[in-house]
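The values are calculated or read from the model by the stated rules, or taken from the named source; none is laboratory data. No experiment lies behind these values; they were computed from the predicted model shown. Cβ coordinates were reconstructed from backbone atoms using ideal geometry, including for glycine residues, and neighbour counts include every protein chain displayed.
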Amino acid sequence: MNRANAVVWDVGDEIDDITAELKRKGVTFEHYRDMPGITLDGDVHVSGSMRMVWFKDPDGNILHLNNM
């Protein structure tokens, strides 16, 4: 199984709104608690000013949004 990001989208300042909308539509987000220096704010991983979420598509591919 591939454990790398299949696709990464930079969504800028809209990351929280997009994450909330995806969650309302039933998307389940991945939580990676073992990454040093990164905390969770709900479903969003935070490192300094960087905010990131990961989720899987129906085939198990890892999809990643960030605000870089």
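Here are some notes:
- Across region 21-37, the number of residues qualifying as modelled with pLDDT under 95 and not small (Gly, Ala, Ser) comes to 5.
- Residue list for region 1-19, filter: more than 15 Å from His45 (Cβ to Cβ) and surrounded by 13 or more Cβ atoms within 10 Å (Cβ to Cβ): Ala6
- Candidate set from region 31-68 (those that are of a type in the set (D, E, K, R) and not in a strand (DSSP E or B)); member that is farthest from the chain's Cα centre (by Cα): Asp59
- Contact map, region 26-43: first residue on the phi > 0 side of the Ramachandran plot, second residue in a loop (DSSP other than H, G, I, E, B), Cβ cut-off under 9 Å, separation 6 or more or different chains; pairs are Gly37/Gly48.
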